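Structure first, then comments.
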Amino acid sequence: MKKVLDTNTADAFASSWNNLPTGSVYTFEQFEDWFAPLKQTDIQSKSVLELGCGNGSLLTHMTQWNPSTITGVDLGDSVLSCKKNMNLTNFENFQVLQHDLTSFESDGYDLVYSIGVLHHLKKPKEGFDALIKNTKNGGRFHGWVYAKEGNKLIIYTVEPIRKIASKLPWWLTKYFIATPLAIPFYGYGKLIKTIPFLKKIKTNLPLYDYMIWIGERGFSFFRHVAFDQLVTPQTTYLSKNEILAWLGSNHSINQESTYIIFRNGNSWKFGGKKV
Ligand SMILES: C[S@@+](CC[C@H](N)C(=O)[O-])C[C@H]1O[C@@H](n2cnc3c(N)ncnc32)[C@H](O)[C@@H]1O
């Protein structure tokens with residue numbers, strides 16, 4: 001059967017990534033938070049592969065953890081801005097490849113990760129399988145996806161807008177939909193972040209933990225996140241049980257090593273080691 005590629009999704013993201021200023025969109029603290037429980041000592045001198053690397057916003061920070069090699073794979077033209085951003089670091093031992101991640105084959109890496117990608121694939125489980133397939137025996141894999149849990153508000157309000165916005169020219173979506181929506185999003189985030197009293201009623205406030213996380217950042221990051229949500233033609237919100245089933249179904253995973261962590265009340269981090 002002919003494989004259906006996620007080309008439309010990758011093209012949509014390239015319009016996002018290739019129209020940003022150079023450098024990472026994330027702070028180093030955000031990078032560390034995305035990888036915890038992994039830390040520098042787990043990665044130092046190891047070979048690293050990112051599946052769905054975008055403009056290299058994570059890979060550029062990854063250079064500071066001194067891996068032996070870095071490989072980024074993305075299906076879209078964002079590989080252009082990824083190469084540009086990686087060239088601005090002092091790290092030389094890297095390659096950026098334009099390839100579909102689900103069919104990407106290698107001899108294996110010490111760490112394979114995919115952050116913010118699997119939930120945009122037509123078949124997220126194929127992305128998970130690619131994570132495991134490209135991890136060396138004894139190596140680690142790590143992922144982050146949107147959760148079904150904690151995202152009810154987004155699923156009922158943002159998702160219907162995304163289904164229309166993702167069909168429009170990217171600039172229309174960015175400047176005429178994402179930008180106006182980012183204004184109340186930013187206002188809410190800053191309100192939650194700056195008024196300590198709100199902590200007392202946090203269970204009544206939608207996306208409280210997420211707002212505490214994103215409330216650190218400026219308006220352009222809020223707009224980037226809003227645009228990222230709206231530009232993609234494909235999004236799946238994944239439940240804990242689905243991820244547990246993925247982890248449990250693969251016999252090459254060391255089951256003792258696995259973890260699944262609820263992050264910011266609306267996403268899952270998961271990972272483990274290969275036998
Ligand atoms: C939300 S971005 C995340 C980028 C990066 N991981 C980050 O956190 O900044 C999702 C990326 O996955 C890529 N992507 C989507 N489907 C893909 C596929 N089948 N193969 C490779 N890359 C894919 C998109 O092109 C896009 O750059």
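Would you list which lysines come within 16 Å of LYS193, measuring only between C-alpha atoms, while excluding same-chain residues fewer than 8 positions from it?
LYS202
Hey, what's the Cα Rg ratio for the chain versus the globular rule of thumb, 2.2 N^0.38 Å?
0.98
Taking the Cα centre of the chain as the origin and placing charges on Cβ (Lys, Arg +1; Asp, Glu -1), which of THR236, PHE91, LEU191 is farthest toward the positive end of the dipole?
LEU191
So for the pair ASP209, GLN44, with labels modelled 7 Å out along Cα→Cβ, what separation do we get in nm?
Here the modelled spin labels are 3.0 nm apart.
GNM on the chain, C-alpha springs below 10 Å: top fluctuator among THR22, THR135, THR63?
Among THR22, THR135, THR63, the largest mean-square fluctuation in the Gaussian network model of the chain belongs to THR22.
Round to the nearest 0.05 the FRET efficiency obtained for GLU105 and ASN66 when R0 = 35 Å and r is the Cβ-Cβ distance.
My answer for the efficiency is 0.85.
At 0.36 nm per residue, minus the direct Cα-Cα distance, what do GLN98 and PHE219 gain on full extension? Give it in nm, one decimal, please. Don't jump to the answer; show the numbers that get you there.
Working: separation 121, 0.36 × 121 = 43.56 nm, distance 3.08 nm.
Difference between extended and current length: 40.5 nm.
Fully extended, how many nm does the chain gain between VAL4 and GLU126 (0.36 nm per residue separation, minus their Cα-Cα distance)?
42.8 nm
Check the straight Cα-Cα distances from LYS148 and name the lysines below 18 Å, setting aside those fewer than 8 residues away within the same chain.
LYS122, LYS123, LYS125, LYS163, LYS240, LYS269
Please give the peptides 46-58, 115-127, 180-192 ranked by average Cβ packing (other Cβ atoms within 10 Å per residue), highest first, as a rough proxy for protection.
On the way: 46-58: 25.7, 115-127: 20.5, 180-192: 17.2.
Final packing ranking: 46-58, 115-127, 180-192.
Taking the Cα centre of the chain as origin and charging only Cβ (+1 Lys, Arg; -1 Asp, Glu), how large is the dipole, in debye to the nearest 20? Write out the running numbers ahead of the final one.
Details: 30 positive and 23 negative charges, 161 e Å.
Computed about the Cα centre, the dipole is about 780 debye.
Report the net charge of residues surrounding HIS119, where surrounding means a beta-carbon distance below 14 angstrom and charges are Lys +1, Arg +1, Asp -1, Glu -1.
Here the count lands on +2.
Efficiency by 1/(1 + (r/R0)^6): what FRET value for ASN19 and LYS84, r their Cβ-Cβ distance, R0 = 22 Å, to the nearest 0.05?
E(calc), rounded to 0.05, equals 0.95.
Only four residue types carry charge here, +1 at the Cβ of Lys and Arg and -1 at the Cβ of Asp and Glu. Report the dipole size of the stretch 152-231 about the Cα centre in Debye, rounded to the nearest 20. All intermediate terms of the calculation are to be shown ahead of the outcome.
Values: 12 positive and 4 negative charges, 24 e Å.
Value, rounded to 20: 120 debye.
Read the figures in this text as sums done on the coordinates, not as results from a lab. All values derive from a computational prediction rather than experimental measurement. Cβ sites come from the backbone with ideal geometry, for glycine too, and all protein chains shown count toward neighbours.
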